[in-house]
Amino acid sequence: MPTRNAVDPAVAPVILSVSNGDGRRADDGVDATLASIFGGGGMLSRALPGFRFRPQQLAMAQAVAQAIAVRGQLVAEAGTGTGKTFAYLVPALLYGGKVIVSTGTKTLQDQLYERDIPLLRDALAVPVTIAVLKGRANYVCHHHLERTAGEGGDRAELADVPENASIWPLVTSTRDNCLGANCAFHKDCFVLKARKDALDADVVVVNHHLFFADVMLRDEGLAELLPACNTVILDEAHQLPDTATLFFGEQTTAGQLSELARDAEIAARTAARDVPQLPDAAADIVPALRKVRLAAGEAPGKFTQETIAARSGFTEALDELAAGLDRLATEMQHCAERSEDLASIARRADDAAARLARWRSGLAEGQDGAAGEWIRWVDVTPQGWQLQASPLSVADVFRRQVESTARAWIFTSATLAVARDFSHYTQLLGLAEAATGCWDSPFDYPAQGLLYVPRDLPPPNTREHTEAVVDAALPVLKASGGRAFILFTTLRALAIARERLAVAFARDGLDFPLLVQGDGSKTELLVRFRTLSNAVLLGSASFWEGVDVPGDALSLVVIDKLPFAPPDDPILAARLDKLKADGGNPFVDWQIPQAAISLKQGAGRLIRTETDRGVLMICDPRLTDKPYGRRIWQSLPPMRRTRELQDAVAFFAVARAAEAHVTMNADFAAG
Ligand code: SF4
């Protein structure tokens, strides 16, 4: 057995509390085994070229093993480069029993299933079986397309048909229109086969949407998966509060209802031709949907139920839609015994009518009693709308799920804590008993990165501010040779910056290609950015996370202002009101931690490997002028800090000379 590596106290986890205090601990043998796997000259270094010992990774793996041993909850923040995926996979594969790994994105889901888990399974020689489970929209449905679409039916294998092709909704199933056990294709169904594989496998890789829809809510017939599992690992766990809010809520959307109307009309024309009122009842839904959209007003946006109900004609349009749905449900019920399709549509119409009634009941109930626990709001898009009912807090319902059976829960991400304080996150999810651990990135941030906050910028939220951001960024862009992301908190600011930068580039003879969010898909823009090697990419929220551009192609990240969530968001506004009513301070307890975590995500785009170098430029004077600014910048990786343009320019001028002297500015000296 290889000897155990000494763990540097500097990277030892910050364990604030330990759940399930039954005194059980992973034994020293487990720690030693993990050290022999992760350590210098250990099993992974021998099996994987390029693998090297990172004490943070070993420490996190030992904490994960400990959580598995006591069936506890661990909230683990691991900085970029820690290697957190292996840190949770190794103990999970060795000691986790039946494991569910859930990720925030399909990309990471595929990476785990296709690369990381098979790699570790072979390196560790553990004979585990692995399955991947995606949402049902990813599997071709025989019933909706009476033909086979290749072995396995996973649309990832149908690479020639674009992800967003309009054909997909017609050849895949939804929870609403799946016939389940009554389907003639039941035996050959790709969705059911994928689920069976998942039930049989030792390790199942899912994504958060599926996790909540299928496992937590038991909506799609996977009730057996969670009870059988011993360990749940939630990667990219910073997304969970939002995903949980979405899935513990209820939606009625124009898209759902127009699909229902379409399916009802088709079914009526094929299985109930002698009942002319059926297609009529279905067809009447579509104009009613349009009326609701018209009454919602021209401007897209998110509005509280109260606001939207005050708009002329909105309540009447909903009345009409509700009457139409009731009629459709009644007509369908009369014919339901004729075919499984008609029965299924009758159920859907019933469900939709009931959901709409529940949403509307909020109008009468006001915000008192049980209705006060829900936020009812509407998301108006250019063409459609969604009626949403969101829980004011997901903490209780999530905690109940976590505590329902003894199993280990691992929550991990690079961004969960605010200056090492996890309380905001654990309160959101009701994880008061969870152990928490924070492992810093092994990168040499003081040498690899520089945080530059320019002086004398106008207050944010003004046009002058955006113009000043562009002007301040220009000399830094010249020094970096492009190779930059400029990230904005609003699309309006992005548009202003685009115009001003284009003019400045033309005026100064700079040939940096300007890539702008919206001019192509995110994937296309990133491919072009990496290939061009001197591009400047302007983006907003969607580029703040999940973007990985290692190497020189990205050497400068400019952030226009602190990413405080817009307070006009109905969910946020209601939660802040509740916090205030309970005696809390919404700004300190909610908005600052949220902004710090978002900023950390945006900043995390810059240094992706241990040889990356770059400047993070944050153009918000509040970072240095306001007392809360310090709490925010202390959450960022420990880069050197400056307010001087010449330091930022010099950072690039000295190229790889990591020892370049940068004077620490007095504004930061106290930190
Ligand atoms: S069981 Fe559902 S998903 Fe499977 S083929 Fe039938 S309708 Fe489609």
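The range 266-291 and the range 525-587 have Cα centres spaced 44 Å apart. Along the axis of the charge dipole computed for the range 251-356 (Cβ charges of +1 for Lys and Arg, -1 for Asp and Glu, origin at the Cα centre), the listed residues Gly324, Ile308, Ala283 are led at the positive end by Ile308. The charge dipole of the range 250-387, taken about its Cα centre with unit charges on the Cβ atoms of Lys, Arg (+1), Asp and Glu (-1) only, comes to about 300 debye.
With unit charges on the beta carbon (Lys/Arg positive, Asp/Glu negative), name the residue among Phe512, Thr245, Thr489 whose Cα is farthest towards the positive pole of the charge dipole of the chain. Going by the Cα projections, it comes out as Phe512. Each residue of the range 490-499 was assigned a 3J(HN,Hα) from its phi angle through the Karplus expression (A = 6.51, B = -1.76, C = 1.60, θ = phi - 60°), giving 9, 5, 5, 4, 4, 5, 4, 5, 4, 4 Hz with x at Gly and Pro. Think of each Lys and Arg Cβ as +1 and each Asp and Glu Cβ as -1; about the Cα centre, that makes the dipole of the range 20-108 roughly 280 debye. Annotation for the range 478-560: chymotrypsin sites (Phe, Trp or Tyr not before Pro) lying in DSSP loop with at most 15 further Cβ atoms inside 10 Å of their Cβ do not exist. Relative contact order of the range 445-669, taken over Cα pairs closer than 8 Å and 6 or more residues apart, is 33 percent.
Rounded to the nearest 20 debye, the dipole size of the chain about its Cα centre is 1160 debye, using +1 on the Cβ of Lys and Arg and -1 on the Cβ of Asp and Glu. By DSSP, the beta bridges lying fully in the chain are antiparallel in about 25 percent of cases.
Alpha-carbon geometry of the range 49-137: the Rg and the Dmax are 13.3, 41 Å, given in that order. Note on the range 465-539: percent of Cα-Cα distances in each 5 Å bin, starting at 0 and stopping at the bin with the largest distance, equals 3, 16, 31, 27, 17, 6, 0. Largest first, the three principal axis extents of the alpha carbons in the range 536-651 are 49, 28, 23 Å in whole numbers.
With the charge dipole of the chain set up from +1 on Lys and Arg Cβ and -1 on Asp and Glu Cβ about the Cα centre, the Cα lying farthest toward the positive end among the listed residues Val527, Gln62, Thr405 is that of Gln62. If the limit is 20 Å between Cα atoms, which of Lys106/Lys522; Lys84/Lys193; Lys561/Lys626; Lys98/Lys196 go over it? From the list (Lys106/Lys522; Lys84/Lys193; Lys561/Lys626; Lys98/Lys196), the Cα-Cα distance tops 20 Å for Lys84/Lys193. For the chain, the alpha-carbon coordinates run over 85, 64, 54 Å along the three principal axes, in decreasing order. From least to most packed, judged by other beta carbons within 10 angstrom and beginning with the fewest, Val140, Val101 follow the order Val140, Val101. Annotation: lysines with alpha-carbon distance below 20 angstrom to Lys302 (same-chain offsets under eight excluded): Lys291, Lys578. A P(r) calculated from all alpha carbon pairs of the range 476-592, with 5 Å bins opening at zero, reads 2, 10, 19, 19, 15, 10, 8, 8, 6, 3, 1, 0 percent.
Under a 5 Å amide H cut-off, with hydrogens placed 1.01 Å from N, Val75 pairs with Phe411, Ala435, Thr436, Gly437 among residues at least 5 apart or on other chains. When only alpha carbons of the range 175-330 are considered, Rg and Dmax amount to 20.2, 56 Å. Calculate the all-directions average of the projected area of the range 250-387's alpha-carbon convex hull, and give it in nm². Mean orientational projected area (the range 250-387, Cα hull): 8.0 nm². Relative contact order of the range 250-387: 34 percent, from C-alpha pairs under 8 Å at least 6 residues apart in sequence.
The base-10 log of I(q)/I(0) for the range 445-669, evaluated at q = 0.07, 0.11, 0.15 Å⁻¹, reads -0.21, -0.53, -0.98 [Debye formula, identical scatterers on Cα atoms, solvent excluded].
Laboratory data are not the source of any read-out in this text; all were calculated from the coordinates shown. These numbers were taken from a predicted model, which means no experiment stands behind them. Glycine gets a Cβ as well: all are built from the backbone with ideal geometry, and neighbour counts include every protein chain shown.
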